[in-house]
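Everything on this sheet refers to the single structure shown next.
What follows is calculated from the coordinates using simple rules that are stated; it is not laboratory data. Bear in mind the structure is a predicted one, so any value in this text is a computation, not a measurement. All Cβ positions, even for glycine, are placed from backbone atoms using ideal geometry, and neighbour counts span all protein chains on display.
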């Protein structure tokens, strides 16, 4: 396994762990996840997949914070991350 693969796995594992904790509307948590997404823009496709999966599996009451996260990512990074997100 290459160093790039290790970095990708670490970034995705860390992001998923924090994303799973986003169960209510927490501005500091959303900001932290937005910053993590920006810092790991090279893994934007993977992060996008994680966010999509979280929206799909979250209970109805827990979907809105994840949608707020998506909104924050797009507002903070504009096209940089948007261009890397999955098209699904």
Within the chain, helix-based [θ] at 222 nm, where runs of 4 or more DSSP H residues each add -39,500 (n - 2.57), nearest 500: -24500 deg cm²/dmol
Would you mind computing, in nm to one decimal, how far apart the modelled labels at residue 35 and residue 20 are, each placed 7 Å from Cα along Cα→Cβ? 2.3
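If neighbour count is taken as other Cβ atoms inside 10 Å, put 17, 77 in order from fewest to most. Don't skip to the answer; put the middle values down first.
On the way: 17 9, 77 18.
Lowest count first: 17, 77.
Give, in nm to one decimal, the length gained when the segment between residue 53 and residue 74 is fully stretched (0.36 nm per residue of separation minus the Cα-Cα distance).
Working: separation 21, 0.36 × 21 = 7.56 nm, distance 1.77 nm.
My answer for the length gained is 5.8 nm.
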Please give the helix 3-20 orientation as an angle from the longest Cα principal axis of the chain, in degrees from 0 to 90, rounded to the nearest 10. 10
Could you rank the peptides 53-61, 31-39 by their average count of other C-beta atoms within 10 Å per residue, with the highest value first? 31-39, 53-61
Cα axis of helix 44-57 to longest principal axis of the chain: angle in degrees, 0 to 90, nearest 10? 30
For the chain, the longest principal axis of the Cα atoms and the Cα long axis of helix 27-39 enclose an angle in degrees, to the nearest 10, of 20
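What FRET efficiency would be calculated for the residue pair residue 60, residue 27, taking the C-beta separation as r and a Förster radius of 25 Å, to the nearest 0.05? Each step should come with its number before you reach the end.
Values: r = 21 Å, r/R0 = 0.84.
The value I calculate is 0.75.
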